[in-house]
Amino acid sequence: MSINEPDFQGRIGRTIADSEPAWPKAPSVAGESPNVIMIVLDDTGFAHLGCFGSTIETPNIDRLASGGLRYTGFHTTALCSPSRACFLTGRNHHAVGMRGVSNFDTGFPHMRGSITPKAATVAELLGAHGYATYAAGKWHLAPMRECSAAGPHDNWPLQKGFDRFYGFLQGETDQYYPELTADNHHIDPPRTPEEGYHVSEDLVDQSIGWVRDLKSVLPERPFFLYLAFGATHAPHQAPLEYREKYRGRFDKGWDVVREEWFARQVEMGIVPAVTTLAPRNPGVRPWVDLSENERIFATRLQEAFAAFLDHTDAQVGRLLDFLEERGLMDDTLIMFVSDNGASQEGGPRGVMDEFSFFNLQQEDLEDIVANRLDDIGGPHSHSNIPWGWAQAGNTPLRWYKQNTYGGGIRDPLIVHWPKRISDGGGIRTQFCHATDLTPTILDITGITVPTEFRGEQQIPLHGQSLVPSWDSAETGVRSGAQYFEMAGHRGIVRDGWKAVTHHTKGQAFEADSWGLYNLAEDFSECQDLAAEQPERLRDLVDAWWVEAGKHGVLPLDDRMIELFGNTRRPGTPHASDRYVYYPPISHIPADASAAIGGRPWTLTCDVEIGDGSVEGVLYARGSHNVGHVLFVKDGQLHFDYNALGTHHRASGAITLAPGPHTLGARFSREGRAGLITITADGADIGSVPIPTVIRMLGSTGMDIGCDRLSTVVDDYVGPFPFTGTLTRVVVEIERSREAADAVAAGRAERAKD
């Protein structure tokens, strides 16, 4: 008997002569074992792909569609992290702890910002049966407060079943200056934009490299590749040649383009001929009513979006070409999806910087048109499209990402596997859901979800396999009801009927008005039958509450943006209001950085100066779009408050003799305004008023002693490290009286209940 292998099948004698060796059986699957690739796009609407009706050029994605199946009844959760949790687990998002994005933890089991270990990912299950598992691109399935070098790493890709990871942990990233992570550590981008760098290209390079290595050394081992591009989430950024390609293509405006795309959809059979093109969503103005500058700006934003999608398609093409060159295409199952509909986060007019939307700031349209149009889509923009172009991307549907009408939850799905799918170019209209992808993979491999996995009792799968639909357009996939809920928006689909409500934030949920739609006859959910069939509606609403109880949807919660605020929770980087950093340290992601967006704070940098002059960055948070930076240059200390491209700067001359010194800044606030004061060795040496406080400082995090990525100002070329010795940086935050009063009022109100 062997101590370390109790089930050893050989024989162990006193010597090798009277012993018999044996080897553990290699893990295997019960069914087929194709390579599996899941390609995920972000904020790509139902109509955005060429093969789903758009005039945006996506020839490589269209190539997948022509050799595979397009699903026009595929539904997601209306938001990125929740949909991805469904894709990778086969369970509903509330049940696994992902009601909203992974930046949130509301204190309830349905919103922890991570996937519960009671729902093993498909990567974990495939890995346990011999697959190599790789993830490239966007993760956004770990609480962002855990995504610094300090961890914990429990919810990072490698701890969720992937052998390798290369990408970004946040919900978005600058495509030219990404916050990159390789496996379990952060890295700097390998090149600069000036050297031709774009993260989409980098992701495909890494993916191809992993597969090439695997198939060169162990060709019989199958792989699972989860390739999640940043496209087409903001910022919409693409190389100049792609942006120039689309100049003038959208000058006719969103009303005409939406009609054209709708006609293409009908002609292609993507939507039934009887489909009604939904009216403009509330807040979408007729194109002819826009001013000239509004049309110019909106058109340029849409050109950047199209360029981004086209450039991403080219990267998909590189991957497909590689598979074909290596003879891997026939035995590779490819699932191509978007995680939700087109985004409404660009607002009614569109934005040069998406964080204008989140900070409720109105951009100077005249200045943008006069001076910054050519920046859109390049390294000095963070743009998002206006509502009119977003609705065009969701043609023929209503509403957007975050909403449970079709525009938020009906998304493109393409399934391609030449060895198994014979109906190349076919269309499948059956209702299916984000939770169906993992069951499909497990179905073809013959892998079952164990009752217990790695010591945790497992939640049963909620999705159903798509395999029966591959051979027949008539075979139904789904049985039973599928609920939807996102930030209070709710819906349920059962037996071809849908009940849905568009929730008004802050309104009592009981006051929500439900609509009723026969999806078999009303693809775009435009013919409300609630008044005609109140009993059917009541039955579906009652069924929604049953499903909500079954899948852990409650309590209903319509908070979103306000949940991005950091709280002083034990065990997090924000457990206190004092942060002490000891350089040199790694880049710190936004949600783990000192929470100084809107509160009064003091920044103190302890430095040691040698002989000669010094320069460099002491502290940086954010990017060229929005952020803060404290730096020394030309004998002056500067603090630049980059308010969405409008710079407010305090500067003061300093003379630093050899030895220890203290440099710093402090921020005081009065209402929506504030004051930055810079200090040297305890003395105030300069100040600047801040007319409007910017609370959300973008998605790029913090650097101490340098400015690694997209620099907050143009005064220097990054990383511009501090040339003295930076020994310690202390950030202290004051809880404002206003915030304290709000907390006290909330407690008093709860005490009345």
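When region 450-465 is examined, which residues are found to be touching a Leu at 6+ places or on another chain (Cβ under 8 Å) and surrounded by 20 or more Cβ atoms within 10 Å (Cβ to Cβ)?
463, 465 - these are the residues of region 450-465 that are touching a Leu at 6+ places or on another chain (Cβ under 8 Å) and surrounded by 20 or more Cβ atoms within 10 Å (Cβ to Cβ).
Being at negative phi, touching a Phe, Trp or Tyr at 6+ places or on another chain (Cβ under 8 Å) and modelled with pLDDT of 95 or more is true for just one of 482, 533. Which residue is that?
Within the list 482, 533, the selection yields 482.
Do the conditions hold for residue 655, that is, is it over 27 Å from residue 361 (Cα atoms), modelled with pLDDT of 95 or more and surrounded by fewer than 17 Cβ atoms within 10 Å (Cβ to Cβ)?
Spelling it out, it is not the case that residue 655 is over 27 Å from residue 361 (Cα atoms), modelled with pLDDT of 95 or more and surrounded by fewer than 17 Cβ atoms within 10 Å (Cβ to Cβ).
Considering only region 59-175, give the strands (runs of 3 or more DSSP E) lying wholly within it that have at least 1 residues that are over 19 Å from the mean Cα position of the chain (by Cα), at positive phi and at pLDDT 95 or above.
none
Take the residues in region 492-519 that are of a type in the set (A, V, I, L, M) and touching a residue at least 40 places away in the same chain (Cβ under 8 Å); name whichever of them is farthest from residue 549 (Cα to Cα).
Result: 519.
Please state which of the following conditions residue 200 fails to meet, knowing it meets all the rest: (1) touching a Ser or Thr at 6+ places or on another chain (Cβ under 7 Å); (2) within 25 Å of residue 370 (Cβ to Cβ).
Exception for residue 200: condition (2).
Would you mind telling me which numbered condition in (1) of a type outside the set (Ser, Thr, Tyr); (2) surrounded by fewer than 24 Cβ atoms within 10 Å (Cβ to Cβ); (3) out of contact with any Ser or Thr (no Cβ under 6 Å at 6 or more places or on another chain) residue 125 fails?
Result: residue 125 fails condition (2) only.
Please state which one of 624, 551 is out of contact with any Cys (no Cβ under 8 Å at 6 or more places or on another chain), assigned by TED's automatic domain parsing to the domain that holds residue 715 and surrounded by 14 or more Cβ atoms within 10 Å (Cβ to Cβ).
Of the residues listed, the single one that is out of contact with any Cys (no Cβ under 8 Å at 6 or more places or on another chain), assigned by TED's automatic domain parsing to the domain that holds residue 715 and surrounded by 14 or more Cβ atoms within 10 Å (Cβ to Cβ) is 624.
Among the residues of region 51-75, count how many are within 22 Å of residue 324 (Cα to Cα), of a type in the set (Gly, Ala, Ser) and crowded, with 19+ Cβ neighbours inside 10 Å.
2
Does region 602-612 contain any residue that is surrounded by fewer than 18 Cβ atoms within 10 Å (Cβ to Cβ), in the same structural domain as residue 719 (by TED's automatic domain parsing) and under 18 Å from residue 568 (Cβ atoms)?
no
Just checking, which of 235, 286, 279, 272 is under 23 Å from residue 399 (Cα atoms) and touching a His at 6+ places or on another chain (Cβ under 8 Å)?
235
When you check residue 151 against the structure, is it closer than 25 Å to residue 710 by Cα and without any contact (Cβ under 8 Å) to a residue 40 or more places away in the chain, yes or no?
Yes: the conditions hold for residue 151.
The values are calculated or read from the model by the stated rules, or taken from the named source; none is laboratory data. Source: prediction; values computed, not measured. Glycine also receives a Cβ, built like all others from the backbone with ideal geometry; neighbour counts cover every protein chain displayed.
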